[in-house]
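The values are calculated or read from the model by the stated rules, or taken from the named source; none is laboratory data. This one's a predicted model, so the numbers in the text were calculated from it and none came from an experiment. Don't worry about glycine lacking a Cβ; one is built from the backbone with ideal geometry, like all the others, and counts go over all protein chains shown.
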């Protein structure tokens with residue numbers, strides 16, 4: 001199955017935000033070791049952190065940039081679109097609105 005055209009994908013705001021969250025979490029998980037190295041470097045000082053942790057900061061930013069490109073973000077949007085599209089409408093609504101009851105199921 002080929003991915004749909006970028007211009008044909010429509011996600012409502014809630015699904016778009018969910019895809020963006022998943023996108024960010026994925027990047028943070030992939031760069032976790034490098035981020036932890038930077039964090040531990042910053043804990044050792046206060047004012048000199050900018051200069052002392054420059055190398056760690058650069059490595060962290062390079063890693064995050066590698067996993068946060070517009071193409072990768074669009075892949076997360078496409079996956080979310082496919083997930084939403086495959087579910088019946090009432091299941092999608094029920095996930096976000098606990099009070100929703102389909103007609104005839106009372």
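Computed quantities for the displayed model
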{"quantity": "Top-ranked residue of segment 1-37 - restricted to ones that are over 11 Å from the mean Cα position of the chain (by Cα), at pLDDT 95 or above and outside any loop (DSSP other than H, G, I, E, B), ranked as farthest from residue 86 (Cα to Cα)", "calculated": "37"}
{"quantity": "Residue selected from segment 44-73 under the condition farther than 30 Å from residue 18 by Cβ and touching a helix residue (DSSP H, G or I) at 6+ places or on another chain (Cβ under 9 Å), by the criterion surrounded by the most Cβ atoms within 10 Å (Cβ to Cβ)", "calculated": "53"}
